[in-house]
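The structure appears below as structure tokens.
The values are calculated or read from the model by the stated rules, or taken from the named source; none is laboratory data. What you see is a predicted model, and the numbers here were worked out from it, not measured in a lab. Quick reminder, even Gly has a Cβ in these numbers, built from the backbone with ideal geometry, and neighbours come from all protein chains shown. The accessibility values were calculated without ligands, DNA or RNA, using every heavy atom of the protein model including side chains. Shrake-Rupley method; radii C 1.70, N 1.55, O 1.52, S 1.80 Å.
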Amino acid sequence: MSEVDSKLYAPAPEVVQNAHVSGMEAYQALVAEAEADYEGYWGRLAREFVSWQQPFTQVLDSSNAPFFKWFADGKLNASYNCLDRNVEAGKGDKTAIIFEADGGEVTKVTYKELLERTCRLANALKAQGVKKGDRVVIYIAMSIDGVAAMQACARIGATHSVVFGGFSAQSLRDRIEDTGAKLIITADHQVRGGKQLPLKAIVDEALALGGCEKIEKVLVVKRSGADVAMTAGRDVWMDDALAGQDSFCEPEWVEAEHPLFLLYTSGSTGKPKGVQHSTGGYLLHAALTTKWTFDLKDNDVFWCTADIGWVTGHTYITYGPLALGATEIVFEGVPTYPDAGRFWKMIQDHKVTVFYTAPTAIRSLIKAAESNEAVHPKSYDLSSLRILGSVGEPINPAAWEWYHQHVGGGRCPIVDTFWQTETGGHMITPLPGATPLVPGSCTLPFPGIQAAVVDETGKEVPWGQGGILVVKKPWPSMIRTIWGDPERFKKSYYPEDFKGQLYLAGDGAIRDAKTGYFTITGRIDDVLNVSGHRMGTMEIESALVSCTELVAEAAVVGRPDETTGEAICAFVVLKRPRPSGDEAKAIAKQLRDHIAREIGPIAKPKDIRFGDNLPKTRSGKIMRRLLRSVAKNEAVTQDTSTLENPAILEQLGQAY
Ligand code: PRX
């Protein structure tokens, strides 16, 4: 056996036998179908997976490329597809969501109940003046209300924009302003890891910062029941808004291209981008990938541990599993509370069959399990599991092997799913009953996705040679535009370098010389991936220099980190003499707190290094490659002859 063969994990015969996509021949047949008749393939699936109120007559409209349209004259409603359709199919009494609160209380809702809850909320939104096309910002923790709020927006044709509950008032404000939202749905508090954290107070702070004058109402869900300030005329308790509302709301039938949601993500410039997704194409890929990638069956209990504030929570909590009428877990808390066995206990308690999480979580749970047997997966009954998934960042082979052996008992295929906020759903991923697995590789494109690795001119490179990851053809769930900035959309994703013909993912990749399997080699732009959270270096730099009383200049780079994948390292020039010792520690803390206020705690740098200046070329350009070496504590091997001020390298050696 060759090196590569010895690392292959072929799917077990019983997994292949019952799979939706059964065996590599079935996978190849789908790939061939899409290649032979691209539009025919997607059209067939769109009819199979989505219920249309008005059927589409055209699959793909490329007349205004790269602003592609899919199924444009079709009409549908995403919430109808996720809720009513299942009730009509006799699944009204099936559990849709098993919600487990931070403290362990479990609440279940059936499809019928979720439909009614969504409808009442949809009617309440209408009563507050929200109409088709309006934007609604949702700033809430993991909850049934969060999912219902998204579904309610979809039901009335309002475009939701969920902001992750860990973002600061400033970040929230920026997003509210950019969306031009009319209404916010939030909660009094969120509860995570036994702690009660404010949400409503942060909304108040965000609105007080100004620029959000279009906001008319704030609906507040009671989570903690603790006192929060309510502004008369603007703030309404959700219970009051829901009182007397009818339990049915006629779905608003929208065009397939109608924006279902905006979700902000980081790019290589300072300002986060509002990624705009469609209704029809997005929903198709959400449902399709949930079914094929997770081989989801009617009796599965699906658990995606992502937060609804990220795209993974949109596609694989709110839309995909519900569109298929599945039973899923929604978890409010954190993996390490009350202890690091929480995930394993929940899998055991709810008999979870398909489990989808991030490498960072796995790595931190490995650490915990190694030092405490009680929280090791072997102390729990995980025999219900049949498929495991990984998302958000590369999974290193050691973590993969541990996940496979200790969580999956050596029998569960792991789907390492590569995709992005912009792609709406899986792009490159194994299919459990078909693809032989290689730890650390996301293997092959999802059938119908035409991924490739190219050089700077857009020419495909031979297998075995690294290059730039692109997608050659548009696909249904792709980003439609950047909200309010179509030019930036074109420049970021369909650059002139590739004659506007290739979708640029922003990642590097290499295909295995023998199997053609893809391995993602990391971002090729100034985007960092910390614990699976995406952040722009410029965003963090702007936050640092906005601390005007302290900071003169700042540069941010990433460095590898064992647990979080990447860690943020900031290089800072202060407006005062370079500090050291306790003073440096105190200033570093001040800067971290400042960033937490500006962006959110997730953006706090792990290392802060102070210099009298930053290493620059004589023409004044910051030498980032050199900073990356310094961040890694590597000996600087680069040519420093062009460096204007070599002495500062030494100063930067100390991290605080
Ligand atoms: O760099 C890739 C990495 O995460 C980026 C997308 O981040 P975001 O839009 O926040 O979406 C995360 C959830 C889909 C990608 O450009 N990434 C995502 N999945 C993988 C990955 N890197 C390696 N392997 C993956 N499976």
Calculated from backbone phi, Karplus (6.51, -1.76, 1.60) coupling profile of region 10-21 in Hz, x at Gly/Pro: 6, x, 5, x, 6, 6, 4, 3, 9, 6, 4, 10
Rg(Cα) / (2.2 N^0.38 Å) computed for region 37-296, rounded to two decimals: 1.03
Tensor-based shape of region 260-342 (alpha-carbon gyration tensor, a/c under 1.5 rounded, otherwise prolate or oblate): oblate
Check: region 531-652 dipole with +1 on Lys, Arg Cβ and -1 on Asp, Glu Cβ, in debye: 140
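Want the number for residue 127 to residue 253: 0.36 nm per residue separation, take away the alpha-carbon distance, what's left?
Numbers: separation 126, 0.36 × 126 = 45.36 nm, distance 1.87 nm.
That works out to 43.5 nm of additional length.
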In region 82-155, the GluC sites (Glu not before Pro) that fall in loop regions by DSSP, at most 16 other Cβ within 10 Å: 105
Cβ-based net charge around residue 636, under 12 Å, with every Lys or Arg adding one and every Asp or Glu removing one: 0
Magnitude of the charge dipole, the chain, Cβ model with Lys/Arg +1 and Asp/Glu -1, debye to 20: 620
Region 6-123 shape via C-alpha gyration tensor axes, a/c threshold 1.5: oblate
Which listed pairs, of 491/589; 271/604; 273/499; 271/606; 585/616, have C-alpha distances above 27 Å, in listed order: 491/589
Spatially proximal aspartates and glutamates relative to residue 345 (Cα-Cα < 18 Å; intrachain offsets below 8 disregarded): 100, 102, 105, 300, 328, 332, 370, 373, 381
Values of log10 I(q)/I(0), in the order q = 0.13, 0.15 Å⁻¹, for region 342-423 under a Debye, Cα-only, solvent-free model: -0.37, -0.49
Histogram of C-alpha separations across region 157-220, 5 Å bin width, %: 4, 18, 30, 28, 12, 6, 2, 0
Anchor residue 112: lysines whose Cα lies under 27 Å away (excluding residues fewer than 8 positions away in-chain): 75, 91, 94, 126, 131, 132, 222, 291, 297, 351
Extent along principal axes [Cα atoms of region 200-281; Å; largest to smallest]: 40, 40, 24
Protection proxy ranking of 10-17, 390-397, 474-481 - average other beta-carbon atoms within 10 Å, highest first: 474-481, 390-397, 10-17
Accessible area (Å², per residue) of region 526-595, counting only protein heavy atoms and a probe of 1.4 Å: 39
Whole-Å distance, taken between Cα centres, linking region 179-232 and region 582-656: 36
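Could you work out the Kirkwood radius for region 531-652, taking every pair of different alpha carbons, averaging 1/r and inverting it, reported in Å?
Hydrodynamic radius (Kirkwood, Cα only) of region 531-652 equals 14.7 Å.
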Diffusion coefficient, µm² s⁻¹, Stokes-Einstein with Kirkwood Rh over alpha-carbon pairs of region 106-195 at 4 °C and 1.567 mPa s: 95
Whole-number percent relative contact order across the chain, with pairs defined as alpha carbons under 8 Å at least 6 apart: 13
Solvent-accessible surface ranking, highest first, for 57, 519 at 1.4 angstrom: 57, 519
Environment charge at residue 385 (Cβ cut-off 11 Å; Lys +1, Arg +1, Asp -1, Glu -1): +1
Between region 426-479 and region 236-290, the Cα center-to-center distance that results, in Å: 27
Of all accessible heavy-atom area on region 531-652, the percent that carbon and sulfur account for (1.4 Å): 49
Region 531-652: relative contact order in percent, alpha carbon pairs under 8 Å with at least 6 residues between: 24
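Using only helices, what value at 222 nm comes out for the chain when you add -39,500 (n - 2.57) per DSSP H run of length 4 or more and divide by the total residues, to the nearest 500 deg cm²/dmol? Write down the numbers at each step before the final one.
Values: 19 runs with 184 residues, N = 656.
Here the helix-only value at 222 nm equals -8000 deg cm²/dmol.
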Amide H within-cut-off set for residue 523, under 5 Å, with H built and near neighbours excluded: 508
Span from the region 40-117 Cα centroid across to the region 355-396 one, whole angstrom: 30
Local net charge near residue 347, Cβ-Cβ under 12 Å (Lys/Arg +1, Asp/Glu -1): +1
DSSP bridge pairs, the chain: antiparallel proportion in percent, nearest 5: 60
Isolated Cys residues of the chain, judged by Cβ distance under 4.7 Å to other cysteines: 82, 153, 212, 304, 412, 442, 547, 569
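Do me a favour and compute the ellipsoid semi-axes for the chain from its Cα gyration tensor, root of five times each eigenvalue, largest one first, whole Å.
Ellipsoid semi-axes (Å, largest first): 36, 32, 26.
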